[in-house]
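Visitor: Structure provided below as structure tokens; questions to follow.
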Amino acid sequence: MNEPRTRVKKKKKKNRFLRLLLVVILFCFVGAASYAGYLAYKVKSAADKTYHGLSRKSDLRTEKVTLGENPVTILLLGIEKYSGDEPPHSDSMMLITLNPKTKETAILSIPRDTRTFLPVINQESKITHAYSYGNKKGGQKAAVEASMEAVEKFLDVPIDYYATVNFKAFKEVVDDLGGVTVKVKVAKPITQRSMKAVGGKTYTFIPGETRHMNGAEALTYVQMRKTDPEGDFGRQKRQQQILQALADKALSVTTVTKATDLLDTVGNNITTNITLKEMFGMRNFYSSIKDGKHMEHFVFTHSPETDVYLPATGPGRTYYFVPKQEEVQKISNRLKEILEINQ
């Protein structure tokens, strides 16, 4: 299957940098929220801005669950809009699965080109399209609902909560935290130029080096795809790495100024159906598992022989990623174990 992907659109380069790090924003929120007095109003104000209730109980649930009390899932959606006429879509997806009793946690990256059944249109398409189709039908809430239903259908696990974030928050969060230090995960040295909006500087990443990154550098690190031998799948691994590093850093915030900056960034860039009370519980939960012993990371294995190219509405063909069914089933079974769902 070495045919060129003639139908894959070349979007504006800056929009390729959207990384799904919503949970980092959430942890920044609750990390900053540990302050009292002066920040009390800021915390409440940010919570009011971010909260967008979505009254929903999954059809895979017999009763409604609560974050902090029951095993739950949180769907994280990175939302982008490529042009004025084009509807927004979910450029990135991650599913967080949490069990407050066993402390088990799983982070799953879902490739945007994954071909699966979308209930919103009653047919198969790319999973990233669910958000756009829902948005056309009923706006942002319908878009989120469509995405949650698509992921449920794909994995056969209930989706309980959601959070969305727009791209511009990423660099701000990293810089608000004073940067982040990670061990570089690339298969070979990679040189990548950052987007013009963050300086257009060129960075070289060396396998295994320990590196402190500012917002622009971290953004470049998580956006690399074409220069990475693993393509989008290598990029997903780096997303998860930065996600955990930023969450750890957020919980170590020790100054009022830094906490205030984080709350401003959060309030302006995130929407979620997680309440303020549940966010505090989430902070306490993450504090108890930050050693990483109970945290599992999942990415799908890329199998070129199962990729699909289908006729498009225009010239050329459209590329789809088709994961191996046995791998989907294995991940689904593990998530059900964490959720304590009988199989």
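Visitor: Please list, ordered by chain and number, the residues whose modelled amide H lies under 5 Å from the amide H of Thr318; skip anything fewer than 5 residues away on the same chain.
Guide: Amide H neighbours of Thr318: Leu310, Ala312.
Visitor: Another question, if that's okay. Please say if region 153-254 is rounded, prolate or oblate, where rounded means a/c under 1.5 for a ≥ b ≥ c the square roots of the C-alpha gyration tensor eigenvalues, and otherwise the choice is prolate for a/b larger than b/c and oblate otherwise? List each step's numbers first, then the result.
Guide: Numbers: a/c = 1.63, a/b = 1.20, b/c = 1.35.
Since a/c reaches 1.5 but b/c is at least a/b, the shape of region 153-254 is classed as oblate.
Visitor: With each label point set 7 Å from Cα along the Cα-Cβ vector, what nm distance links Glu326 and Asp156?
Guide: Taking the two extended label points, one gets 1.6 nm.
Visitor: Using the structure shown, list the pairs from Lys57/Lys126; Lys103/Lys141; Lys171/Lys249 with a Cα-Cα distance above 19 Å, or answer none. Show your work: numbers first, answer last.
Guide: Details: Lys57/Lys126 24 Å; Lys103/Lys141 30 Å; Lys171/Lys249 14 Å.
Violating the 19 Å limit, Cα to Cα: Lys57/Lys126; Lys103/Lys141.
Visitor: Pull up all non-local amide H partners of Leu54: gap of 5 or more, or a different chain, and H-to-H distance under 5 Å with H placed in the peptide plane.
Guide: When sequence neighbours closer than 5 places are left aside, there are no close amide H contacts.
Visitor: Report ³J(HN,Hα) in whole Hz for each residue of region 62-68, in order, from the Karplus equation J = 6.51 cos²θ - 1.76 cosθ + 1.60 where θ = phi - 60°; Gly and Pro get x.
Guide: Using θ = phi - 60°, the values come out as 7, 8, 5, 10, 10, 4, x Hz.
Visitor: Right, something else. List the GluC sites (Glu not before Pro) within region 177-237 that fall in a DSSP loop (any state other than H, G, I, E or B) and whose Cβ has at most 16 other Cβ atoms within 10 Å. Walk me through the numbers on the way to the answer.
Guide: Working: sites: Glu209, Glu217, Glu230; in loops: Glu209, Glu230.
Filter output for region 177-237: Glu209.
Visitor: Further question on the same structure: On average, how much area does the Cα convex hull of region 116-162 cover when viewed from any direction, in nm²? Walk me through the intermediate numbers first.
Guide: Working: hull surface 11.3 nm².
If you wrap the Cα atoms of region 116-162 in a convex hull and average its projections, you get 2.8 nm².
Visitor: Could you calculate the contour length gain from His212 to Ile341, that is, 0.36 nm times the residue separation minus the distance between their Cα atoms, to one decimal place in nm? Don't skip to the end; give the middle numbers.
Guide: Details: separation 129, 0.36 × 129 = 46.44 nm, distance 4.06 nm.
In short, 42.4 nm is gained.
Visitor: So what is the relative contact order for region 85-172, in percent, with contacts set as C-alpha pairs under 8 Å and at least six apart? Display every interim value, and only then the final one.
Guide: Working: 127 pairs, mean separation 18.7, N = 88.
21 percent.
Visitor: Find how much the distance from His302 to Glu124 grows on full extension, using 0.36 nm per residue of separation minus their present alpha carbon separation; answer in nm with one decimal.
Guide: My answer for the length gained is 62.1 nm.
Visitor: Assuming a ≥ b ≥ c are the square roots of the Cα gyration tensor eigenvalues, decide whether region 197-247 counts as rounded (a/c under 1.5), prolate (otherwise, with a/b larger than b/c) or oblate.
Guide: Details: a/c = 1.39, a/b = 1.09, b/c = 1.28.
Verdict is rounded for region 197-247.
Visitor: Another one. Non-local amide H neighbours of Phe298 (under 5 Å, H modeled in plane, Pro and chain starts lacking H): which ones?
Guide: Result for Phe298 returns Ile107, Leu108, Ser109.
Visitor: With every protein chain present, what is the per residue accessible area of region 298-343 (1.4 Å probe, Å²)?
Guide: Working: 2530 Å² over 46 residues.
In whole numbers, region 298-343 has 55 Å² accessible per residue.
Visitor: Can you pull the percent of Cα pairs in region 60-216 with separation above 26 Å?
Guide: Numbers: 5111 of 12246 pairs.
Every Cα pair in region 60-216 considered, those over 26 Å come to 42 percent.
The values are calculated or read from the model by the stated rules, or taken from the named source; none is laboratory data. Not measured: the values here are computed from a predicted model. Positions of Cβ are generated from backbone atoms using ideal geometry, with glycine treated the same way; all protein chains shown enter the neighbour counts. Heads up: the accessible areas ignore ligands, DNA and RNA and are worked out on the full protein's heavy atoms, side chains in. Shrake-Rupley method; radii C 1.70, N 1.55, O 1.52, S 1.80 Å.
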